[in-house]
Structure formats: structure tokens, C-alpha cells
Amino acid sequence: MELKHILEAALMASGRPLTLDEFGRLFDEAERPNEAELLMALEHMAEEYQWRPMELKKVASGYRLQVREAYSPWISKLFEERPGRYSRAFLETLVIIAYRQPATRGEIEEIRGVAVSSSIIKTILEREWIEVIGHKEVPGRPALFGTTAHFLDYFGLTSLAELPPLKEFIDPLGGESAGVDALLTTMNQPQTAAMADSPHDLNNSHE
Amino acid sequence: MELKHILEAALMASGRPLTLDEFGRLFDEAERPNEAELLMALEHMAEEYQWRPMELKKVASGYRLQVREAYSPWISKLFEERPGRYSRAFLETLVIIAYRQPATRGEIEEIRGVAVSSSIIKTILEREWIEVIGHKEVPGRPALFGTTAHFLDYFGLTSLAELPPLKEFIDPLGGESAGVDALLTTMNQPQTAAMADSPHDLNNSHE
Amino acid sequence: MDDPAVEGRLASEGVHSVLRGSPLAMVMGSPVHDFPDDLYIPPDALEVFLETFEGPLDLLLYLIRRQGFSIVDIPVADITRQYITYIEMMGELKLELAAEYLLMAAILTEIKSRLLLPQPEEASAEEHDPRAELIRRLQEYERFKAAAVEIDMLTRLERDVHEISCDTSQIKTHKVYPDVDMVELLAALKEILKRADRMTHHHIQREPLSVRERMTGILNKLHRLGRLPFSALFDVSEGRAGVVVAFLAILEMSKERIIDILQDEPLGPLEICALMSHEEASSWS
């Protein structure tokens, strides 16, 4: 049995890095190769692997065999999970941040009327659709979330102003609706003035 | 990138058996090799491995790469525990389920003539070698156990048909073996009829 | 003789001779005095003996095979005697015997006594052989016992061969995310507003989006560049509306305690800074 083959077999079977010491301990004391012999065998192994899809790599915790990066396009398919669908809580949280940014988790919860789980915020952060853009100077210093350029890109927008105005959603609910009315009247006037040039002015059109 | 190298990388990366179907799904549809091409590549891979410490093995749930048995004296030193030592009670319970499936615990006890300990059934279930595949419609609705693909994989088999056939012991002193046959057939035990010498038919019914 | 080794031998022979008082069994007409050689263990280790067997069928099978008998030819009287000798011995040694062993003793005794009864002539001998059921069970058990030995000899993962796995940390995986349509997002918004309508105490502050967007923009800039002069937050090329939006954003953030407006000396230039460091901001997760 060739030494390099024994070492190769051990690396394959262990699935983790092995140290020179661990390689040595594969053998009974009488047959134990010395360090120089082990290193030589590893070198031969590395050479042989030059043309193979794996490579021998020295890492902090020893030597390991790793699949070459070049095989990522195929191998990554092994690890891909079928994407599911986002929950309603996810979509609501995202849309509130989009329209109400910068928004804290507390503010999102107030609007949704239910708690927002950390995992949802984390999932949106992971997708890089929102980011923490600061902290509100109130007790607890909650994070302020805002949407990213990624978010705009994904939805094909050049700016948040291209999001449909809230009004479009409120009108169908009926003008007599007290809740929506309250929402609309809380808007402060200076901002309405500032929006005069915007084609998507939320306030102007509400009469 | 050579096809056989991609398949090799996938097997190395997955650490579990892969089916032809799974190999195919590594590729985008446009570049997906057909079954014949995949088989050819696997054959080349197996040839290359002839002089290496690994071998390509077909088992129940696909193709797997394994370290050759000849290397186990060294490899076993990698692992603290000496695996794969099972008591006779464990093995007898397992084979009764394998050959007699679906089998209830009562049926196993009937054959062995002693109670089957819960811990043995639990261990085999935990190893995922057997699973509950239903319940027998008799009082108490006992669980019916059957073996899994995992069980076959573990023993390097592709199907139950590959299990060693159940031996018929010919008694040298019994000049009346014809009498025994008659005896067995008059006993009108459905199980006796079902227990063919080879487990081929079991395979059909389980799959 | 004071040789302790001899004494020891005598002592163990003494134990033997107690057992030898009557034959353990009569096998094919000759008395058997000893435990079979390959199984002999000192009586105080009978527990080990018991553990050697997987149950009464296993023990019975051993006794039959050991004497070279055939299962179908099982001499019930002899085997019963042997079996019961073993069982009694274990009982005397206060070993806990599984109930199955005692049950088997009863079955054997019953078969033995039925064999002694005259058989009715008209019945087929085979069908009414009281041994039939026992023979069937012994044969069946023997098959599985052998199969257990065979399966143990199969090449097996973990013991004989080892599954291979390599490190995959170099493999770049791109996570596949669910698709979201703008329509879905807006439907979610509609839901929120509908609910808000039912609960008037939840009010959505509805600053124009452009102000909100500018707030985010200014905050990002402050985090990137730190403290900035007030004027740096305006871009005249945006025109009057743009400047007003920026101004409103600054006022709103000041009100919300997100930024601070600083003036080092009276009538000096205004400077704007975020109320938290960027490190803090990015440490959120």
C-alpha cells in the first residue's frame, strides 16, 4: 500500500482537515512514517491532484482535500434550495419600510398592528433589499431601516418616487373612511408644498 | 471541464450517493448530458479509480464514492469508536425485518422465541435502516416495519434481491425430509408460503 | 501436597463431581456428564453462558446440533432432559431466567408426554406429530440465525468501506431567492391600509416619499463621510424643489433625533452629523 494512497484515503474518509500528527497515528508505531516521509507523500499527492477536480490545501487545522472553486457552477446546484414564497409578514414589512423609511421595527409593528419577527427583518437584510441606515435616538436606540439601491433595481425603479403613490390605494377604500381620512389629514403642509414638482405627489391630488 | 470530473467533484462534494437524475440536474437544461453520456462518464471514472484508494459503487440510492475496504485498517484508526459491531439480537431482528417485511414486532418475537427489546427496534429506527411503513389491522394496530434505501446503501446493496438468500438447512440425518416438506405445507402458514428462498419477491412488494 | 495449583484443580474437580453425580443428559443412549467442551464455563459464570444464547430456540438448536441430531429427527426425550438440566442449574444459581426459557421447558415436557400416548390409528402420523410445530419453529429460527451471520459479513459502510467527502468551502453558492412581484408588494400595502382603516389609532405618517427617500440618502452620506457642512447636503442642480426636499429631510431627522445640527460658534457654519457612528449602525443584525 503506497503511503500517499493511505493518506489520501484518510483525507477522503475523514471529511475534515488532518494534521501530520493525525496522519502519523494511522500507523502502528513500528511502521509509523516520519514527518519528512509524510510531507513527501503529501507533495506527491498534491502533484497528482493537479489535474483533478480536488486540490490538497494546507489550512490552519491541517491538510484537507477541497473541491476546486472552478466547479462551483455545477456543484452549487447540489446545495441550492428550491425557493419558497415570502410570507405576508415579509411583504408587509418590506412595503412599510419602502414607504415609511427610515423606519424602526417599532414603527413597523405599530403600522402592521402585530409584532415583526427578527427573522423577517433578517431575511430582508440578507436579500440586501434593506439596510440599517442609523439608529433612532430614543431609549433602546432602535435601528432605522431604509431600502437599498438593490431594492430599486430589483423592482425596476430609478427612485422611490416611482413607487405608486399611497393615494391610489386609499381611494378605492372609500372617502368616508375615517381611518384613512385621519391618515391623510395628519400630513403636514410644508411637505405638501415641497412635493409640488413631483408627478407622484401623494398629497396634492387628495381633495 | 470534463464531464467525468464534474461528476467526480459532485460525488466528492455531496458525501452521499447521487442518482443519474441528480447528476443531470447539475447542468442547465441546454447543456444537460443524456443518460448514456452520464453512464459513459461514470464508467471512465470507475476505470480511472482502478489504481486509486477509492472506488465507485452503485447502491440503492445512487452512485457513491467509497474508500476501498483494503484501507480500513488505517481508516478505522481515524475514528474513536469501533463502529459496526452489533449484537446477535440486533442482527437477527434486522434480518427478520429485511426478509419478512413488512413485519410486526410480534412476528419478530415469534420467530426468535424471545421478546425483542424496545431499545433494539429504536436503535435500528434511529439508524434509519427501518421505518414504520404502516400498521397491521389487528387489535393494538402494531407497527409494520420495512427496510429503507439507507439500509441497502449501508450494506452496499442496490436492492433487497441482493441480500444473501435465506438458506435451507438440509438435515443429514433426517431421511424424511420429504416428510418435513409435507409438514411445512400442511401447516398452512401464509408466512411460510411467502418466504421464498430468495427475497426477490419481497423486493417487488416493498418498492 | 501444598501446591496451590493442585489444590485449585482439586477444588474445581470437586465442583465437577457434584455435577457429575448424575449425568447431565443421556445422548443417544450414552450419559453426558459435562458441559460441552466449547461451552464449559465455571458455574459461577453461568450468566455468561446464558447470554451466549438468544433465547430458548437458540439453546435448543445448540443442543440438537451439538449432538449431531437432525431437527426433523429431534429425540424429544433426550433433548428435553438436557434442556431442563440447564434450566434447573441456572435456576439453582438464582440466575434470572427469561420467562421464555421456562415456557419452552413446559412445551418440551408436553410434547414428550404426548409422544408417550397411543396415537389414534386413522390420523396421519405426520399431521399429528406433536413435534411438528417445534420443528417448524426451530428450522425457521435457524434460517434467520444464519442470515444474521451472513449479513454481518457483508461489506459494510463505516466498518469496511468509508463514504468519501471533500471540503466544499471553495464552492461558491448563490442562494436562490423567491421572486417577488411589485403587484404582490402593493397587495400587501393594500392589506395594511385596510387594517389601518379599521384601527384608526394606528396612523401612518405620510410624508411625501421624496422626503423619506432623501432622509435615507442623507443618512447614508453622513455615515460614509462623517460630519458634513450643512451646505454639502444640498445639490443646487436639483432646483428649488430638490433643495426644499433636502431641507425638510434634515428638519424631520433632527426632530426624530436621528441627526444633530451643530454650530461651533455663533453665526458659524452649520454642520450636520448622525447621532450614531456607522459602526453601531452596521453592527445591527
Original post:
Looking at this structure, is B:Glu35 farther than 21 Å from B:Leu152 by Cα and in contact (Cβ under 8 Å) with a residue 60 or more places away in the chain?
Top reply: no
Original post:
Restricting attention to the stretch C:130-186, which residues are in a loop (DSSP other than H, G, I, E, B) and in contact (Cβ under 8 Å) with a residue 12 or more places away in the chain?
Top reply: C:Pro130, C:Arg131
**OP:** Please tell me if B:Arg100 is within 30 Å of C:Arg136 (Cα to Cα), facing chain C (nearest Cβ under 8 Å) and not aliphatic (A, V, I, L, M).
**Re:** no
Subject >> Every residue from the stretch A:26-40 that is under 19 Å from B:Pro73 (Cα atoms) and either touching a strand residue (DSSP E or B) at 6+ places or on another chain (Cβ under 7 Å) or in a helix (DSSP H, G or I) (or both) >> reply: A:Glu29, A:Ala30, A:Glu31, A:Leu38
Original post:
Just to be sure, is B:Arg64 touching a residue at least 24 places away in the same chain (Cβ under 8 Å), more than 7 Å from every other protein chain (Cβ to nearest Cβ) and in contact with an Asp or Glu (Cβ under 9 Å, 6 or more places away or on another chain)?
Top reply: no
Original post:
Among the numbered criteria (1) farther than 20 Å from C:Ser169 by Cα; (2) within 11 Å of another protein chain (Cβ to nearest Cβ); (3) part of a helix (DSSP H, G or I), which single criterion is violated by A:Gly84?
Top reply: (3)
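In this structure, does A:Tyr71 turn out to be buried (at least 21 other Cβ atoms within 10 Å of the Cβ) and at pLDDT below 90? Break it down into steps so the answer makes sense when it comes.
On the way: buried (at least 21 other Cβ atoms within 10 Å of the Cβ): yes; at pLDDT below 90: no.
No; evaluated as a whole, the condition is false for this residue.
Could you say which residue among A:Gln66, A:Gln101 is of a type in the set (S, T, N, Q) and within 30 Å of A:Leu160 (Cβ to Cβ)? Before the answer, list the steps.
On the way: A:Gln66 fails: within 30 Å of A:Leu160 (Cβ to Cβ).
The conditions single out A:Gln101.
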Original post:
In the stretch C:217-263, which residues are surrounded by fewer than 17 Cβ atoms within 10 Å (Cβ to Cβ), in a helix (DSSP H, G or I) and under 60 Å from the mean Cα position of the chain (by Cα)?
Top reply: C:Lys221, C:Arg224, C:Leu225, C:Ser254, C:Lys255
Original post:
Somewhere in the stretch A:174-196, is a residue surrounded by 20 or more Cβ atoms within 10 Å (Cβ to Cβ) and either under 19 Å from the mean Cα position of the chain (by Cα) or modelled with pLDDT of 90 or more (or both)?
Top reply: no
Subject >> Failed criterion for A:Ile6 (all others in (1) among the β-branched types (Val, Ile, Thr); (2) more than 7 Å from every other protein chain (Cβ to nearest Cβ); (3) closer than 19 Å to B:Tyr71 by Cβ hold) >> reply: (2)
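Report yes if some residue within the stretch B:81-94 is over 24 Å from A:Met54 (Cα atoms), of a type in the set (Val, Ile, Thr) and either surrounded by 16 or more Cβ atoms within 10 Å (Cβ to Cβ) or touching a residue at least 12 places away in the same chain (Cβ under 8 Å) (or both); otherwise report no.
Initial filter on the stretch B:81-94 (over 24 Å from A:Met54 (Cα atoms)): B:81-94.
If we keep only those that are of a type in the set (Val, Ile, Thr) too, we end up with B:93.
Adding the requirement that they be either surrounded by 16 or more Cβ atoms within 10 Å (Cβ to Cβ) or touching a residue at least 12 places away in the same chain (Cβ under 8 Å) (or both) leaves B:93.
Yes: one or more hits.
Of A:Met45, A:Met12, A:Met1, A:Met54, which residue is among the aliphatic types (A, V, I, L, M) and either at pLDDT below 90 or assigned by TED's automatic domain parsing to the domain that holds A:Glu126 (or both)? Spell out the reasoning first.
Values: A:Met45 fails: either at pLDDT below 90 or assigned by TED's automatic domain parsing to the domain that holds A:Glu126 (or both); A:Met12 fails: either at pLDDT below 90 or assigned by TED's automatic domain parsing to the domain that holds A:Glu126 (or both); A:Met54 fails: either at pLDDT below 90 or assigned by TED's automatic domain parsing to the domain that holds A:Glu126 (or both).
Only one candidate passes the filter, namely A:Met1.
When you scan the stretch B:48-55, do you find a residue that is within 14 Å of chain C (Cβ to nearest Cβ), assigned to a helix (DSSP H, G or I) and surrounded by 15 or more Cβ atoms within 10 Å (Cβ to Cβ), even just one? Give the derivation first.
Residues of the stretch B:48-55 within 14 Å of chain C (Cβ to nearest Cβ): B:49, B:52-55.
Subsequent filtering for residues that are assigned to a helix (DSSP H, G or I) retains B:49.
Checking which are surrounded by 15 or more Cβ atoms within 10 Å (Cβ to Cβ) leaves us with B:49.
Yes, that holds for at least one residue.
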**OP:** Go through the stretch A:118-144 and give me each residue that's on the phi > 0 side of the Ramachandran plot and either within 8 Å of chain C (Cβ to nearest Cβ) or in contact with a His (Cβ under 9 Å, 6 or more places away or on another chain) (or both).
**Re:** A:Glu128, A:Gly134, A:Arg141
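Is it true that some residue in the stretch A:30-39 is in contact with a Cys (Cβ under 6 Å, 6 or more places away or on another chain), farther than 30 Å from C:Asp179 by Cα and modelled with pLDDT of 90 or more? Outline the logic, then answer.
Residues of the stretch A:30-39 that are in contact with a Cys (Cβ under 6 Å, 6 or more places away or on another chain), as a first pass: none.
No, every residue in the stretch A:30-39 fails to be in contact with a Cys (Cβ under 6 Å, 6 or more places away or on another chain), farther than 30 Å from C:Asp179 by Cα and modelled with pLDDT of 90 or more.
Identify the residue in the stretch A:11-25 that is assigned to a loop (DSSP other than H, G, I, E, B) and away from chain C (no Cβ under 14 Å) and, among all such residues, is farthest from B:Tyr71 (Cα to Cα). Full working, then the answer.
Residues of the stretch A:11-25 assigned to a loop (DSSP other than H, G, I, E, B): A:15-17, A:19, A:25.
Next, from what is left, pick out any that are away from chain C (no Cβ under 14 Å): A:19, A:25.
Numbers: A:Thr19: 19, A:Arg25: 14 Å.
Residue satisfying both the conditions and the ranking: A:Thr19.
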Original post:
Given the conditions (1) closer than 15 Å to C:Arg214 by Cα; (2) within 9 Å of another protein chain (Cβ to nearest Cβ), which single one is not true for A:Ala149?
Top reply: (2)
**OP:** Those residues that are within 18 Å of A:Val132 (Cβ to Cβ), within 9 Å of chain A (Cβ to nearest Cβ) and at pLDDT 75 or above, I need them from the stretch C:247-277; list them, please.
**Re:** C:Met253, C:Glu256, C:Arg257, C:Ile258, C:Ile259, C:Ala274, C:Leu275
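The values are calculated or read from the model by the stated rules, or taken from the named source; none is laboratory data. Everything quoted here is computed from the prediction, not taken from an experiment. Neighbour counts are summed over all protein chains in view; Cβ atoms, including those assigned to glycine, are modelled from backbone coordinates with ideal geometry.
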